[in-house]
Protein chains: 2
Amino acid sequence: MSDVAAFADVSPSTVSLYLRKPEAVSPQTGRVIALAIAKLNYVPNFAAGSLAAAASRAVGVVVPSIKNAAFAETVMSLQTALGKANFHVLLGHTEYDEREEEAVVRTALSWAPAALVLTGLGHSEGTRKVLASRRIPVVEIFDISGDCIDIAVGFSHEKVGEAMADHLAETGHRRLAFIGSRMQEDLRAARRASAFVARTKALGLPPPPVIGHPAPPDAEIGGMLMSRLIESHPEVQAVACSNDHIALGALFCAQRRGLRVPDDIAIMGFGGLAFTLASTPPISTVLPHGDLIGKETARLIIERHGGKGVDRSTVVDTHFQVVPRESTAPRVAASAITGTI
Amino acid sequence: MSDVAAFADVSPSTVSLYLRKPEAVSPQTGRVIALAIAKLNYVPNFAAGSLAAAASRAVGVVVPSIKNAAFAETVMSLQTALGKANFHVLLGHTEYDEREEEAVVRTALSWAPAALVLTGLGHSEGTRKVLASRRIPVVEIFDISGDCIDIAVGFSHEKVGEAMADHLAETGHRRLAFIGSRMQEDLRAARRASAFVARTKALGLPPPPVIGHPAPPDAEIGGMLMSRLIESHPEVQAVACSNDHIALGALFCAQRRGLRVPDDIAIMGFGGLAFTLASTPPISTVLPHGDLIGKETARLIIERHGGKGVDRSTVVDTHFQVVPRESTAPRVAASAITGTI
DNA sequence: GTGAAAGCGCTAACAC
DNA sequence: GTGTTAGCGCTTTCAC
């Protein structure tokens with residue numbers, strides 16, 4: 001940087017100022033400095049900057065798994081938006097383990113990050129304590145039902161579960177069920193399931209069976225869960241799935257068994273993945289707006305960084321959208337055909 | 001750190017030494033320091049460390065898109081392995097744009113990273129130049145056919161294309177085709193397609209049509225491409241797809257049109273995604289071993305960092321695996337039925 | 001095996 | 001609008 005300053009015949013602090021607030025330097029000085037930077041192929045040293053400023057432009061982003069398409073989408077849109085404001089993403093994953101999360105958070109804090117993005121509202125005591133002792137912005141994403149540390153951006157998984165039950169009931173299904181995987185660790189999926197069960201009962205429908213599996217969600221597990229469901233509860237008319245991969249596997253399983261979807265059994269997913277639109281039949285799903293979560297998170301971090309008044313306990317509800325498709329097409333009521341219920 | 005030193009009644013440099021090489025400090029001193037660290041809840045400052053050492057433990061990882069499951073898997077396994085050696089992942093994505101990659105690389109270099117991981121062997125002149133002026137390890141992943149900057153870990157996309165043609169030919173298909181998306185940007189997909197065409201011709205089969213689309217690959221695009229293929233080339237017996245999502249869409253499209261897979265048309269994907277095993281019928285695919293790429297990359301970075309002799313121009317072939325499934329089940333030769341060709 | 005001292009490249013007051 | 005100054009918290013020689 002002093003090389004640049006010497007070349008441009010200004011002081012190092014002017015170069016530093018130009019780099020951080022170009023508008024605070026006179027246009028012509030700015031031009032000379034820009035030229036010197038290009039000429040010397042200057043690459044700044046963020047470590048030195050972070051040390052001097054006691055804060056970096058790194059943002060720690062901690063998700064359970066980036067193999068999960070929803071998180072991948074959010075991380076990507078978050079990164080795009082943060083990148084435009086010259087923030088950088090330091091990535092960590094936890095596999096739904098709070099102890100792992102704590103370790104990742106401690107590591108991230110060592111970089112004196114400008115902000116920390118965590119997934120969900122559940123964290124270990126150690127994580128909370130170490131976060132409380134700093135005053136860096138913390139954004140908790142993908143959940144808003146509960147107490148947040150600082151800022152929360154996401155939606156209510158309870159409402160998703162309820163909306164799924166409502167949708168299946170509205171389309172004329174009475175015997176509902178929920179299948180899902182890894183619900184011991186993925187507590188948000190578990191809460192969607194619980195809310196689904198509660199709402200189904202509240203609607204006066206028979207209590208829906210819930211079948212789970214400990215493995216990470218994929219179409220194979222979905223097929224297995226569907227098989228078990230059909231065998232143990234042949235009366236079921238509609239299945240809500242913990243996510244779209246499970247739903248896809250359920251659809252294939254139904255096909256393999258010669259069951260028509262939705263006539264014999266309706267299927268609904270969660271996640272809004274692209275294949276739900278392309279499948280035969282297209283699968284009804286719930287869009288969580290992962291990209292919006294990323295964008296809003298970036299916006300709040302940038303605003304907070306700019307000193308703008310983003311209050312603590314700010315909660316942004318990004319909502320979700322039920323997307324009805326053919327896999328849950330309205331059922332002709334049995335009474336309409338046979339005259340009985 | 002000086003607080004820790006004071007508490008442990010040693011000098012700061014001893015604490016520093018303990019943190020970097022615990023074995024270089026006497027066991028009892030080490031124990032006292034460890035106690036002080038725990039007592040004071042000491043969090044190191046990586047910025048200061050990076051500045052003083054003129055190198056950080058951050059590893060810049062640059063992929064086209066983490067929404068792509070193959071890259072997500074690689075980033076995740078890379079991160080897991082690097083994390084165990086106390087390296088941290090600084091993530092960037094390029095959307096297959098070399099100019100974007102150059103910007104991301106420059107940013108990453110500002111962190112004085114311990115290593116840089118780039119995707120593929122194609123980079124802009126600017127990227128090459130700025131990398132050449134440093135001597136940090138550079139690992140190029142997901143491709144090994146071409147000249148690498150430093151270290152390459154991946155597989156040959158040409159061989160994948162050839163293996164796909166071979167597999168379809170061996171299973172008795174004569175009229176082949178290739179469908180794929182975003183092949184203008186995703187040059188590795190384009191090379192799989194080219195090699196597929198070349199090998200098909202070399203096998204004495206009719207030149208296969210190639211149909212592409214500029215959008216990112218997903219099942220919907222796959223269905224569209226399949227539709228266009230069936231309409232323009234009704235004689236086609238087997239389709240190779242640029243990836244599994246395209247193949248899934250193609251399968252659904254075939255179902256919708258009442259075509260039996262594989263009897264009327266065989267389908268083969270690339271990527272080894274979980275749903276290929278669960279679909280009806282299961283889809284033949286090619287496993288790229290993304291997790292292995294991540295692991296090997298981490299291993300090489302750690303070895304190079306430890307001063308072990310990982311030579312420049314080291315190339316690790318992680319290979320790939322053709323997984324034959326029902327969607328390309330052997331075709332009963334027409335001659336066996338009708339006695340003619 | 002441990003400590004003293006110098007300085008990494010930058011930022012942020014403050015003075016001009 | 002620009003320059004001067006004093007560190008930021010660590011690592012790294014080099015003595016001891």
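The values are calculated or read from the model by the stated rules, or taken from the named source; none is laboratory data. The structure presented is a predicted model; accordingly, all values stated were derived computationally and were not measured. Counting neighbours? That spans all protein chains shown, and the Cβs are built from the backbone with ideal geometry, glycine included.
The table that follows gives values for the structure above.
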item: Verdict on B:SER65 being within 16 Å of DNA strand D (Cβ to nearest atom), modelled with pLDDT of 95 or more, closer than 24 Å to B:LEU300 by Cα and not hydrophobic (A, V, I, L, M, F, W, C); result: no
item: Complete set of residues in region A:8-37 that are loosely packed, with under 12 Cβ neighbours inside 10 Å and away from DNA strand C (no atom under 13 Å from the Cβ); result: A:ASP9, A:GLU23, A:SER26, A:PRO27, A:GLN28
item: Residue ID - farthest from the other protein chains (Cβ to nearest Cβ), chosen from residues in region B:16-37 that are in contact (Cβ under 8 Å) with a residue 24 or more places away in the chain and not small (Gly, Ala, Ser); result: B:VAL32
item: Odd one out for B:ILE144, checked against (1) touching a residue at least 60 places away in the same chain (Cβ under 8 Å); (2) in contact with a Cys (Cβ under 9 Å, 6 or more places away or on another chain); result: (2)
item: Residues being closer than 22 Å to A:PHE275 by Cβ and either in a loop (DSSP other than H, G, I, E, B) or touching a residue at least 60 places away in the same chain (Cβ under 8 Å) (or both) - total across region A:190-228; result: 5
item: Residues of region A:41-54 classified as within 8 Å of DNA strand C (Cβ to nearest atom) and polar (S, T, N, Q), total; result: 2
item: Qualifying position, being among the hydroxyl-bearing types (Ser, Thr, Tyr) and more than 30 Å from B:ALA114 (Cα to Cα), among B:THR314, B:THR276, B:THR318, B:THR297; result: B:THR276
item: Residue within region A:97-114 that is away from chain B (no Cβ under 13 Å) and touching a Ser or Thr at 6+ places or on another chain (Cβ under 8 Å) present; result: yes
item: Verdict on A:ASN86 being within 9 Å of another protein chain (Cβ to nearest Cβ), modelled with pLDDT under 95, within 16 Å of DNA strand C (Cβ to nearest atom) and under 25 Å from B:PHE71 (Cβ atoms); result: yes
item: Candidate set: region B:229-260, residues that are touching a residue at least 40 places away in the same chain (Cβ under 8 Å) and surrounded by fewer than 24 Cβ atoms within 10 Å (Cβ to Cβ); chosen: the one nearest to the other protein chains (Cβ to nearest Cβ); result: B:LEU229
item: A:SER50, sole failed condition from (1) among the hydroxyl-bearing types (Ser, Thr, Tyr); (2) within 12 Å of DNA strand D (Cβ to nearest atom); (3) more than 8 Å from every other protein chain (Cβ to nearest Cβ); (4) in contact with a helix residue (DSSP H, G or I) (Cβ under 7 Å, 6 or more places away or on another chain); result: (3)
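Okay, residues lined up against (1) assigned to a helix (DSSP H, G or I); (2) within 16 Å of DNA strand C (Cβ to nearest atom); (3) more than 8 Å from chain A (Cβ to nearest Cβ):
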position: B:ASP3; (1), (2), (3): yes, yes, yes
position: B:ALA6; (1), (2), (3): yes, yes, yes
position: B:LYS39; (1), (2), (3): yes, no, yes
position: B:SER56; (1), (2), (3): no, yes, no
position: B:VAL62; (1), (2), (3): no, no, yes
position: B:PHE71; (1), (2), (3): yes, no, yes
position: B:GLN79; (1), (2), (3): yes, no, no
